[in-house]
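Working notes for the structure below.
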Amino acid sequence: MTLREEAKAAVLMLEEGVLELLDANPGGLKHADLVRQLDIPSDYLGNQKNYLSWSVVGSLMNPGRIQRIGNRCFVRRQPAAQ
């Protein structure tokens, strides 16, 4: 497996972790809760920006797999009823 393939697999694992947490918490979770529960806080020169976790959240929001409720809470988007 190439380094790029390994990185992509790691991102997919993070996405699955977020989805599993949201499935277990149907009322939603704050971004800080996701970071804490997945134990992926960032620390760059003493500043915490959590760019990795925001990137993962964005990769799930863009195709509509999760949605943001209000300013702070993320939930798993349910498929539209047919």
(message) Can you compute the equivalent ellipsoid semi-axes for the chain, i.e. the square root of 5 times each eigenvalue of the Cα gyration tensor, sorted largest first and rounded to whole Å?
(response) 22, 18, 11
(message) For the range 11-82, which chymotrypsin sites (Phe, Trp or Tyr not before Pro) pass both filters: DSSP loop (anything but H, G, I, E, B) and at most 11 other C-beta atoms within 10 Å?
(response) none
(request) Would you please give the residues with an amide H less than 5 Å from that of I40, counting only those at least 5 places away or on a separate chain, with H modeled from the backbone geometry? (result) none
(request) Compute the acute angle (0 to 90°) between the alpha-carbon long axis of helix 3-24 and the principal axis of greatest extent of the alpha-carbon atoms of the chain; round to the nearest 10°. (result) 40 degrees
(request) With only Lys, Arg, Asp and Glu charged, each at its Cβ (+1 for the first two, -1 for the last two), find how big the charge dipole of the chain is about the Cα centre; round to the nearest 20 debye. (result) 400 debye
(request) Please report how far the C-alpha centroid of the range 41-82 lies from that of the range 1-18, rounded to the nearest whole angstrom. (result) 16 Å
(request) Among G17, F74, I40, flag the residue with its Cα farthest along the positive direction of the charge dipole of the chain, charges on Cβ as +1 for Lys/Arg and -1 for Asp/Glu. (result) F74
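Each value in this text was obtained by applying a stated rule to the coordinates, not by laboratory testing. This is a predicted model, so every value here is computed, not measured. All Cβ positions, glycine included, derive from the backbone under ideal geometry; neighbour counts span all protein chains shown.
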